[in-house]
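Here is the structure we will look at, set down as structure tokens.
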2 protein chains.
Amino acid sequence: MRETIWTRQRSAAPARETLSREQIVKTAMEVLDSEGVGGLSMRKLAARLGAGATSLYWHVPTKDDLVDLLIDQVWAEIDVPEPELAGWRSGALLFGHSLRSAVLRHPWLPEVMYTRPSIGPNAMALGERGLVLFGAAGFVTPHEVDLAMGSVMSYVLGTVSAEVATREMVRKSGRSEESWVSEMLEQAQSVATDYPQMQESVRRRTSVDLDGELTENFVFGLDALLDGLQARVKK
Amino acid sequence: MRETIWTRQRSAAPARETLSREQIVKTAMEVLDSEGVGGLSMRKLAARLGAGATSLYWHVPTKDDLVDLLIDQVWAEIDVPEPELAGWRSGALLFGHSLRSAVLRHPWLPEVMYTRPSIGPNAMALGERGLVLFGAAGFVTPHEVDLAMGSVMSYVLGTVSAEVATREMVRKSGRSEESWVSEMLEQAQSVATDYPQMQESVRRRTSVDLDGELTENFVFGLDALLDGLQARVKK
DNA sequence: GACAAACCCGTACGGTGTGCGAGTGCTTTG
DNA sequence: CAAAGCACTCGCACACCGTACGGGTTTGTC
């Protein structure tokens with residue numbers, strides 16, 4: 001049977017090799033991950049794709065929209081375990097760590113995340129799985145499930161924003177982590193005169209193990225928050 | 001006694017009325033608070049001050065440095081109560097609320113906060129008073145004091161970043177809060193097909209009271225976190 | 001062969017931060 | 001009183017940005 005005007009799909013010229021939204025998104029992700037949000041311009045992106053700058057606008061309405069696509073791409077990388085596997089509490093812990101490491105892989109995310117609403121498909125799927133996980137905790141009302149999940153996301157994103165910020169400062173300085181940290185501490189020490197508590201706090205931070213320190217920060221607060229949430233579930 | 005080269009201060013031409021760093025900072029703050037970070041450009045700022053664009057560069061090395069000054073200005077607005085007044089727990093609660101409302105007054109802060117280290121004088125003073133407050137809680141080690149304070153700041157900043165983001169989206173839409181919220185919910189509802197938990201979650205949020213909802217979010221998580229922290233102090 | 005759809009892109013516009021160097025008024029010095 | 005020098009202002013220019021516009025090329029369907 002011949003296809004009617006209704007059934008046949010518009011397919012004029014798909015042959016010659018062409019730019020595609022997927023390809024643009026993929027390349028933009030590479031640029032963003034390696035050069036940060038300041039390193040992404042439509043002209044540079046197009047050049048890297050061997051195309052003219054304004055060609056991109058055929059596939060993507062606007063740079064902001066492109067960034068939206070990239071953000072949603074990140075949401076897809078995040079694990080949210082099913083509560084049956086290991087229970088709510090450790091599931092939430094795992095979710096938190098997964099969210100953190102996704103942001104560490106894409107350190108530009110905090111800078112752009114808040115500029116537009118997150119209602120892409122992957123954001124939705126993430127939310128869905130999160131609600132299932134937190135729903136299994138046994139909160140008294142469904143509303144509390146929303147609140148609990150929201151507070152965990154806020155905590156993780158807040159912590160990891162600060163973390164990413166320091167890591168980016170190290171990276172941009174172009175120096176070694178060790179030397180950056182030690183100079184930073186020195187500088188902080190010198191600014192902290194007249195502030196005894198701060199001075200002590202800086203002095204305590206003699207560790208050169210930046211990774212370990214940041215992870216400890218993260219885990220400490222997340223544990224405390226989850227403890228507080230657990231106290232709110234019905235016994 | 002005649003002043004020597006060493007004692008005399010350089011004071012060549014302070015007479016004619018002139019731009020000042022304070023004035024620039026103050027005006028920039030007004031622009032930022034009312035138009036957001038995208039609305040601040042050196043040219044516009046200079047115009048508002050009745051000056052040429054590049055005149056500003058005499059008083060401020062760079063736009064980024066200007067923003068640093070503005071950030072530190074915000075830190076000065078935050079209350080950190082002395083622990084003697086109401087105890088650690090309610091002091092921390094008050095600190096959190098104070099931090100939140102400062103950010104709500106300066107919604108541009110999350111966007112720029114993480115781009116440079118915060119080691120201005122007001123940031124230092126804030127840290128100092130915070131450490132005193134959290135120090136009174138009775139954590140086992142001083143290191144835990146650092147961790148506790150850090151996690152509260154991260155939670156507050158994370159939550160309020162999201163909050164500010166939605167408030168800014170409402171503002172930029174130019175529409176009424178009510179109409180924006182209801183359209184947003186509608187849109188979310190339509191995207192949330194196939195996601196039953198999300199759909200339910202959106203359906204639950206029938207409240208038009210955005211303020212109340214955001215405050216509830218904030219308080220819920222902060223309470224939980226403080227509960228979790230309190231469980232870590234020595235009995 | 002005609003037509004249209006899909007796609008590419010050069011040009012241009014209005015914006016950005018800021019380096020440079022010349023100019024202008026004031027204070028101090030000789 | 002003249003000269004020197006400092007504090008400060010600012011027009012111009014450069015390199016970059018996002019993207020609207022409109023004409024061009026390729027490909028497929030009639």
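The figures follow:
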quantity	calculated
Shape box of the protein assembly as shown [Cα atoms, principal axes, largest first, Å]	111, 61, 47
Coordinate range along principal axes, alpha carbons of the range B:75-147, Å, largest first	35, 22, 18
Label-to-label distance, nm, for residues given as B:Lys26 and B:Tyr57 (7 Å Cα→Cβ offset)	2.6
Chain B, closest residue to the rotation axis toward A, by beta-carbon, whole angstrom	B:Gly158, 1
The range A:196-235 shape via C-alpha gyration tensor axes, a/c threshold 1.5	oblate
Cβ-based exposure ranking for A:Ile24, B:Ile119, B:Ile71, in which fewest neighbours within 10 Å come first	B:Ile119, B:Ile71, A:Ile24
Shortest-first nm distances, A:Gln187 label point to equivalent points in other copies (7 Å, Cα→Cβ)	4.0
Residue order, fewest to most surrounding Cβ atoms within 10 angstrom, among A:Ser176, B:Ser151, A:Ser118	A:Ser176, A:Ser118, B:Ser151
Helix-only CD estimate at 222 nm, as mean residue ellipticity for the protein assembly as shown, using -39500 (n - 2.57) per DSSP H run (n ≥ 4)	-22000 deg cm²/dmol
Rounded if a/c under 1.5, otherwise prolate or oblate - chain A, Cα gyration tensor axes	oblate
Ranking of A:Asp79, B:Asp146 by count of other Cβ atoms within 10 Å, fewest first	A:Asp79, B:Asp146
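Read the figures in this text as sums done on the coordinates, not as results from a lab. What you see is a predicted model, and the numbers here were worked out from it, not measured in a lab. As a convention, Cβ positions derive from the backbone with ideal geometry for all residues, glycine included, and neighbour counts pool all protein chains shown.
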